[in-house]
Every structure is written in C-alpha cells, then in structure tokens.
1. Run through the DSSP bridge list for the chain and note the antiparallel percent, rounded to the nearest 5.
2. R0 = 45 Å: FRET efficiency of GLN62 with LEU181, Cβ-based, nearest 0.05?
3. Using packing as a proxy for protection, rank 276-285, 40-49 so that the peptide with the highest average count of other Cβ atoms within 10 Å comes first.
4. In whole Å, what is the distance between the alpha-carbon centres of segment 124-166 and segment 235-312?
5. Go through PRO280, GLN26, PHE172 and say which Cα lies farthest out towards the positive end of the charge dipole of the chain; charges sit on Cβ, +1 for Lys and Arg, -1 for Asp and Glu.
6. For every other residue with a beta carbon closer than 14 angstrom to the beta carbon of PHE143, add +1 if it is Lys or Arg and -1 if Asp or Glu, then tell me the sum.
7. Tell me whether segment 127-237 comes out rounded, prolate or oblate; compute the Cα gyration tensor, take square roots of the eigenvalues as a ≥ b ≥ c, and use a/c under 1.5 as the rounded threshold.
8. Using 7 Å Cα-to-Cβ label points, what is the ASN54/GLN199 separation (nm, one decimal)?
Amino acid sequence: MTGPRIALAFAITLLAIPLDSPAQAQDYPSRPVKVIVPFGAGGPADVTARQIGNILQESFGQPFVIENRTGAGGVIGTQEAAKSPPDGYTVLMMSNTQTANESLVPQRKYELMRDLAPIAPINYSDLVIVVHPSVQAKTLQEFIALAKSQPGKLNYASSGQGTPYHMAGELFKAMAGIDVLHVPYRNSGEARSGVIGGQVQMMIDAVPAMAPNVAENQVRALATTGKTRSTVLPNAPTVIEAGVPGYEATIWLGLMAPAGTPKPIIDKLNAAVNAVVKRPDIVKLWTQQGAVPMSMTPEEFDKFLRGDIVKWAEVVKKFDKPPQ
C-alpha cells in the first residue's frame, strides 16, 4: 500500500472511532486540570476543592490547580467554566448557589444544565444561625420576636446573592414571618468577619466554617438547619425544634464540566471522586467537621441538580412577599 493510501486508511480508521470512545479517557489527564472555584478562599467550597484536588493529583499523577474566580454570587466563575473547552481540563466546583442562580439571576450568560455537564456531588453540610453576642436574643424564638418588634431594622450577612447562606436566610425570613435586611458581602470570609465584628447582627453559615467561632464565643449559635442536631454543635437545637416547622437548609458541593466534555472523561472523574468521598480518612475528617459525603452517578447527579433548581425557584418566588 502506497503512502497516500496508508494515510487515507488511517484517517478513515480515526473517523470510525466514536467521539465518546473510552480510548479518550485512557490517557486522561495528561496535563494539569484547572478547578474553577467561583467563591472566595477559605470557604467550604475552596477548602473542599483543595482537599479533593490533592487526592486526585495523587491518583492521576497530574496537578489539579485551584483557581478562585469570585464575583456576582458565583456567576463569574461559573460563566468562565461554561465557556471553557470541553476537554476535561477545566472543571467547576459548584454548590446550590448555581441551582439558585438559575431563577435568581436571569441576566446570566449561561444556563446550568445546557452549558455544563454533571460530574459528581461531593458532600453536604448543615448550616447554623448565629448572632453577634451583643444581640439581645439567647434563643431563636427570642430573635424572631426581636425582629418582629423592629421590622427592617436588623440585618444578616451572606457571601453574596444566590449563595446557600442568602437563600437559607430568605427561606428563614419567609417561614418565620420576619423582615430583616440582607447584607451581601464579596465572600463568606468577609461576611463571617462582619457578624463577628458586629457590623451585622445575624448570619447563616456552614457548620464546619462557623463552629470554631462559636467555640470561641465570638458569635452565639441559635439553631442549626438540618433535620437532626449537628454532632459538631449538639447544644444548638434545630430550627424545627426551635419553633419554625418544616425549615431545612444545607450547603452541598459538587463538580461539573463544560457541556460536551467526553462521557468517558466524565465517568473517569466521577469514579475518582466517588472513591475519594468513600475514603475512611476523608469520611472521618468530614464527620468531625459536620460534613456528610455524597455519592452519585453523573445521571443521578443530573436529576438531583434539576430537582434543586425547581426547589430554589419556589423559594425565589417568596422573596418579594411581605412577612405575615
């Protein structure tokens, strides 16, 4: 066979290989993988991304480089991930911020389930409602009564519009029938400093992040937001126990990739992440911090994300309703 015929035969062979062939994942990754974290350094997403990235680097032999791209309640970093090449070398660390933003930020330039592909969830954590020690409320019911006596006078911090802390706060306002002002900060670290410093009265934050501040008496824990009491803050009642029936809010974390990323690469990353979240040392560490591992296939995570989008769309509808 002559040279041109060999080349033609080789080209035909390549064309015959499906685009989603498992062969695409055999050598993946062959260079560093960028992990976009659309939230500030030091928060749950950033810390977890670095934990996961370090282990994936050990597993794959390639660096997983964390890049914080903050701003607009996670929209800026998510948009950057959505427009990145779909080759598996850019992934997004995300949370329920992104599912909330689907209805909260209509002007964004991407659609989550159109422009990004689910890889895997990672973990979830309960939140804790805290107040500055100067606030004259020792219990959640006392805070609700205080807020009702001063409508629009108290405020609460979050790490930005659409973040789980903001959404949890708006859900709490709606269900408790109170009017407190939302004060968005650029990231969770600044919001945390705001409530510790007394610039804002209240904040709803992830248990792993805020528990040390509770222990140091820098803030007062009024209630946690899960269905059962937190093992990290066992003396704090749940919001349900404290008198707001049906209230529940968490922050969960997961990974997505640009839409069009080859399925074999998605599956390879999914298997690797699921292996990480089942490691005994990781389970023990997260348990101590109040985080619970999550494990799903990409298809299961897709269904989970779509359900969460619907859930938070219903919460957003309540935003402009006055307290009853």
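The values are calculated or read from the model by the stated rules, or taken from the named source; none is laboratory data. For clarity, every value in this text was computed on a predicted model and none was experimentally measured. Cβ coordinates were reconstructed from backbone atoms using ideal geometry, including for glycine residues, and neighbour counts include every protein chain displayed. Ligands, DNA and RNA are excluded from the accessible area calculation, which covers all protein heavy atoms including side chains. Shrake-Rupley method; radii C 1.70, N 1.55, O 1.52, S 1.80 Å.
1. Values: 25 of 40 bridges.
Antiparallel: roughly 60 percent of the beta bridges in the chain.
2. Working: r = 46 Å, r/R0 = 1.03.
For GLN62 and LEU181, the calculated efficiency is 0.45.
3. By packing density, highest mean first, the sequence is 40-49, 276-285.
4. Distance between centres, Cα-based: 25 Å.
5. So the residue furthest toward the plus end is PHE172.
6. On the way: positive: LYS138, LYS148, LYS153, LYS173, ARG220; negative: GLU142, ASP179.
That works out to +3.
7. rounded
8. Inter-label distance under the simple model: 3.0 nm.
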